[in-house]
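What follows is a short report on a single structure.
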Amino acid sequence: MRIRLASSSPTRALLLQNAGIDFIQESVEFDEDSIIATSPKNFVYQATLGKYETNLKSFGIEEYPLLVADTVVTSQNQILRKAKCIDDARNILMTQSGNITSIITCMIYHSQKVKIVDISQTDYIFDEFDHDALESYLQSGEWRGKAGGCMVEGFCKSYIKEVRGYESTAMGLSVEVLKRFM
């Protein structure tokens, strides 16, 4: 069965591909800047719901089941959004250095037979980041477009002391949960 991934994320597409899930990838963008939330879980739910409603209107579920997702990164009681500039990225990453960083992903999967809403969380306990390595990462620009500037599969990987939860959740899509309903 083929599904519609309503996300432009190459990482989410790779997760589906690696899980052996057949999909097409196309989406209508949703403006997350209008969201006012009191907690990271509330924020990620509202963002996912907004994306779901926008894409449901455009595509429906008749041709393909619809899958939407959003991810938020939080550390030290702060929602760590996508950095707007290198100084912002530095501050966001320093918030995570030597601390617990939680990556929360919400997904909505809607087919003609089932609709699921899942909020999953993966916690990373990080060692302190090496200053020179951090500056090199910042100069590379790889942090651009990443919630929390965090790449657990890249820069942050060597600083992970402990992981609690699924790696796929941290990468933006809880495929282990999704596969149970397909």
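The values are calculated or read from the model by the stated rules, or taken from the named source; none is laboratory data. Not measured: the values here are computed from a predicted model. We place every Cβ from the backbone using ideal geometry, glycine too, and count neighbours over all the protein chains shown. Please note that ligands, DNA and RNA were not included when accessible areas were found on the heavy atoms of the full protein model with its side chains. Shrake-Rupley method; radii C 1.70, N 1.55, O 1.52, S 1.80 Å.
Considering only region 106-182, give the helices (runs of 4 or more DSSP H) lying wholly within it that have at least 3 residues that are modelled with pLDDT of 95 or more.
The helices (runs of 4 or more DSSP H) meeting that bar are 131-140.
The single condition among (1) touching a residue at least 24 places away in the same chain (Cβ under 8 Å); (2) open to solvent by less than 30 Å² (accessible area, probe 1.4 Å); (3) in contact with a strand residue (DSSP E or B) (Cβ under 6 Å, 6 or more places away or on another chain) that Ile119 does not meet is (2).
Of the residues in region 30-59, how many are of a type in the set (Phe, Trp, Tyr) and in contact with a Cys (Cβ under 7 Å, 6 or more places away or on another chain)?
Step one: filter region 30-59 for residues of a type in the set (Phe, Trp, Tyr), giving 30, 43, 45, 52, 59.
With the extra rule that they be in contact with a Cys (Cβ under 7 Å, 6 or more places away or on another chain), the set shrinks to 45.
Here the count works out to 1.
Restricting to region 1-24, what's the tally of residues that are open to solvent by 80 Å² or more (accessible area, probe 1.4 Å) and not hydroxyl-bearing (Ser, Thr, Tyr)? Result for region 1-24: 6. Looking at region 25-41, can you tell me whether even one residue there is in contact (Cβ under 8 Å) with a residue 60 or more places away in the chain and under 26 Å from Phe181 (Cα atoms)? Scanning region 25-41, I find at least one residue that is in contact (Cβ under 8 Å) with a residue 60 or more places away in the chain and under 26 Å from Phe181 (Cα atoms), so the answer is yes.
Every test in (1) in contact with a Pro (Cβ under 7 Å, 6 or more places away or on another chain); (2) open to solvent by 60 Å² or more (accessible area, probe 1.4 Å) is passed by Asp127 save one, and that test is (1). The set of residues in region 28-78 that are among the small types (Gly, Ala, Ser), open to solvent by less than 40 Å² (accessible area, probe 1.4 Å) and either touching a helix residue (DSSP H, G or I) at 6+ places or on another chain (Cβ under 9 Å) or under 19 Å from Lys146 (Cα atoms) (or both) comprises Ala37, Ala47, Gly50, Ala69, Ser75.
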